[in-house]
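**Q** I'd like to ask you about the structure that follows.
The numbers here are math on the coordinates, done by the rules we state, and not lab data. The model shown is predicted, which means the values in this text are computed figures rather than measured ones. FYI the Cβ positions are ideal-geometry reconstructions off the backbone, even for glycines, and counts take in every protein chain you see.
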Amino acid sequence: MRRGIAGIAGSRIAGAERVKCRRRPISIEPRGVALARRLRGRRIEEVGRLGKRVVLRIDSGDRLIFEPRMTGLVLVADPPTREHLRFRLDLSDGPIPHVWYWDRRGLGSVRLLTARQFAEQLGEGKLGPDALALSADGLRQRLAQSRRAIKVALLDQRAVAGVGNLYASEILHLARVHPAKRCDLLTVTQWQAIHSRMIEVLELAIRHEGSTLSDGTYRNALNQSGGYQNHHRVYDRAGRPCQSCGLAAIVRVVQAQRATFYCPTCQTKRPRP
DNA sequence: CATATGTCCTGAGAGC
DNA sequence: TGCTCTCAGGACATAT
């Protein structure tokens with residue numbers, strides 16, 4: 001998403017508007033005219049990303065945060081439907097005239113934060129370091145004391161930001177670690193494997209522009225499908241043969257109300273002989 | 001404090 | 001066919 005709108009860096013904001021929508025309104029802050037007033041005429045200095053959020057740094061020092069959660073899209077092209085459009089940014093002095101925020105289920109948000117709000121809400125202690133900027137030792141030090149299952153802990157955005165449910169299963173499969181293994185019982189070697197696979201999976205998923213699942217929701221900024229779903233080894237593959245060992249069938253379990261997929265042969269809970 | 005569970009949302013798909 | 005029910009998983013609120 002970030003890469004899809006990276007070209008708006010340097011552009012000026014001509015307007016910002018909530019799109020009238022029949023659905024229950026999503027969270028767009030600040031409410032009222034303050035949002036447009038604080039954005040109009042400003043320049044976008046940087047198009048960044050923090051964990052799962054797209055962050056526009058504005059020359060006022062404010063930051064505009066797109067948080068798409070499950071079904072939000074940040075778009076440059078025409079949206080999948082008109083009825084779920086939520087927000088529009090009008091731009092000048094650049095190659096891209098409009099950025100849209102679209103959200104079918106409406107769990108996401110668009111928020112303009114002051115520098116202070118940004119530090120308070122997304123700074124240290126709130127959001128952890130981005131997964132791609134965290135060392136293996138850093139990852140281990142942030143999680144190794146926890147008694148939680150590793151799969152559940154990887155989804156804790158205060159520990160490490162950017163790993164979602166689908167990717168947590170893929171990471172642990174490639175690292176050959178059982179998803180229910182307690183963090184405090186993992187070896188240093190296992191932490192290193194989890195870390196290197198985390199980087200590998202996320203970088204590859206980004207290169208392939210994300211995973212468009214069977215519901216077809218996820219689209220890139222040009223309203224095109226992602227490609228990483230074709231690389232999934234375990235996610236949504238319950239009952240199908242493991243592509244890593246060719247022996248066992250992929251298993252689906254539920255941890256913390258989330259689906260987890262793994263191979264019982266490749267990812268044993270006991271240490272390997 | 002750490003960890004676990006409940007909540008919100010919409011549309012697809014299953015089952016009858 | 002048309003209805004009801006379940007499920008998907010982001011982050012945060014509340015409970016243990």
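**Q** Between 0 and 90 degrees, rounded to the nearest ten: what's the tilt of helix A:165-175 against the longest Cα principal axis of chain A?
**A** 40
**Q** Which whole number in µm²/s is D for segment A:3-122 by Stokes-Einstein, with the Kirkwood Rh taken over Cα pairs at 37 °C and 0.692 mPa s?
**A** 231
**Q** Using Cα pairs under 8 angstrom and six or more residues apart, how large is the relative contact order of chain A, in percent?
**A** This gives 17 percent for chain A.
**Q** Something else now. If you average the C-alpha positions of segment A:109-135 and of segment A:220-269 separately, how far apart do those two centres end up, in angstrom?
**A** Centre-to-centre (Cα) distance: 30 Å.
**Q** Stokes-Einstein diffusion coefficient for segment A:1-52 at 10 °C in a medium of 1.306 mPa s, Rh from the Kirkwood formula over Cα pairs: what value in µm²/s? Present the calculation step by step, with values, prior to reporting the outcome.
**A** On the way: Rh = 12.9 Å.
Estimated via Stokes-Einstein, D reaches 123 µm²/s.
**Q** For segment A:119-200, divide the Cα radius of gyration by the Kirkwood radius and give the resulting Rg/Rh value with two decimals.
**A** Over the Cα atoms of segment A:119-200, Rg/Rh equals 0.94.
**Q** Taking the beta-carbon count within 10 Å as an exposure proxy, list A:MET70, A:MET1, A:MET198 from fewest neighbours to most.
**A** A:MET70, A:MET1, A:MET198
**Q** Quick one: 3J(HN,Hα) in Hz for segment A:200-207, Karplus 6.51/-1.76/1.60 with θ = phi - 60°, rounded, Gly and Pro as x.
**A** For segment A:200-207, the Karplus curve yields 4, 5, 5, 5, 5, 5, 5, 4 Hz.
**Q** How high is the relative contact order of segment A:3-122, in percent, with contacts defined as C-alpha pairs under 8 Å that are six or more residues apart?
**A** 33
**Q** Another question about this same structure. Can you pull the one-decimal nm distance between simple spin-label points at A:ALA115 and A:SER225, each 7 Å off the Cα toward Cβ?
**A** 4.5
**Q** Same structure again: Mind checking which lysines have their Cα closer than 23 Å to the Cα of A:LYS151? Skip sequence neighbours fewer than 8 apart in that chain.
**A** Within reach: A:LYS52, A:LYS126, A:LYS181, A:LYS269.
**Q** Something else now. How large is the direction-averaged shadow of the alpha-carbon convex hull of chain A, in nm²?
**A** Averaging across all directions leaves 14.7 nm² for the Cα convex hull.
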